[in-house]
Amino acid sequence: EKNQYETFQPQAVVAKPVDAHIQLKGTWSQLPAFLTRLGLKGGSASDDNILQIDDIDLRLSQGESANIHYLSRKVVLMDWHHDFEHAEALVLSHNELCETNDLAKVEAYFAQFGMSVMWIKDHPALLTLRTIALLINEACEASLHGVASLEDIDNAMKYGVNYPKGPYQWLTQMGGAYVLQTLNNLYALYGEEKYRASIYLKQYVAKTQNIAT
């Protein structure tokens, strides 16, 4: 039996006006090009990063569970994409409070900007984010133990397995604090050693945050 995701291809989307109230909260500082594509501007740094589509809260996944962490509001979690600016499709999950018409509303919103939606079950860190976070963590461990520098690991992954970016490049793009939070949430949910954040990653985050302040 084929995996339902193996044959997924972004479908042509038809832009239709969306009769919904749209409000952006938080800075969404990781995704400036994505906000530009949506015609939105980041808000206050004191707010959580939420894109409200009527009463639906869309959040960039941080490794949490939609059904465990969000019990009182309709929540949609968005997977990481290596190129949000030109993405043709987005991978999303949702909690049980979302109904069919809510999902259709989210699909219609992104269709305006040429993006189709792929829904998956509530799977913490979804697909891409979980994979990249684990790759970054393993790269940090390898660097910590002197196996190779992060830059060398980047080159090995790009030229050895044809990845679009290496773990360190992803870490820089995504932000260390975001990757660390994702791993911490996954470790809290699963308790598996593979999700325990590398001390190298923790040191990297502490150092970059100290420089920023």
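Quick one: what pairs do we get from the range 184-199, first residue without any contact (Cβ under 8 Å) to a residue 12 or more places away in the chain, second of a type outside the set (A, V, I, L, M, F, W, C) and part of a helix (DSSP H, G or I), C-beta under 7 Å, 6+ apart or different chains?
Once the first residue is without any contact (Cβ under 8 Å) to a residue 12 or more places away in the chain and sits in the range 184-199, its partners that are of a type outside the set (A, V, I, L, M, F, W, C) and part of a helix (DSSP H, G or I) give TYR187/TYR195.
Regarding ALA15, is this residue of a type in the set (Gly, Ala, Ser) and either out of contact with any Gly (no Cβ under 8 Å at 6 or more places or on another chain) or modelled with pLDDT of 95 or more (or both)?
Details: of a type in the set (Gly, Ala, Ser): yes; either out of contact with any Gly (no Cβ under 8 Å at 6 or more places or on another chain) or modelled with pLDDT of 95 or more (or both): no.
It is false that ALA15 is of a type in the set (Gly, Ala, Ser) and either out of contact with any Gly (no Cβ under 8 Å at 6 or more places or on another chain) or modelled with pLDDT of 95 or more (or both).
Only one residue in ALA125, ALA111, ALA133, ALA139 is crowded, with 18+ Cβ neighbours inside 10 Å, over 18 Å from the mean Cα position of the chain (by Cα), within 30 Å of TYR204 (Cβ to Cβ) and not aromatic (Phe, Trp, Tyr), so which one is that?
Matching residue, one of ALA125, ALA111, ALA133, ALA139: ALA139.
Which of the residues spanning the range 41-61 are modelled with pLDDT of 95 or more and surrounded by 15 or more Cβ atoms within 10 Å (Cβ to Cβ)?
Within the range 41-61, ASN49, ILE50, LEU51, GLN52, ILE53, ASP54, ILE56, ASP57, LEU58, ARG59, LEU60, SER61 meet the criteria.
Sort through TYR187, TYR159, TYR163, TYR168 and tell me the only one that's closer than 27 Å to SER65 by Cβ and not hydrophobic (A, V, I, L, M, F, W, C).
That would be TYR187, the only listed residue that is closer than 27 Å to SER65 by Cβ and not hydrophobic (A, V, I, L, M, F, W, C).
Filtering the range 190-212 down to residues that are surrounded by fewer than 13 Cβ atoms within 10 Å (Cβ to Cβ) and among the basic types (Lys, Arg), which residue is nearest to SER65 (Cα to Cα)?
LYS194
From GLU88, GLU64, grab the single residue that is crowded, with 17+ Cβ neighbours inside 10 Å, within 22 Å of THR128 (Cβ to Cβ) and modelled with pLDDT of 95 or more.
GLU64
The values are calculated or read from the model by the stated rules, or taken from the named source; none is laboratory data. Remember, it's a predicted structure, so these values are computed and weren't measured experimentally. Here the Cβ is made from the backbone with ideal geometry for all residues, glycine too, and neighbour counts use every protein chain on show.
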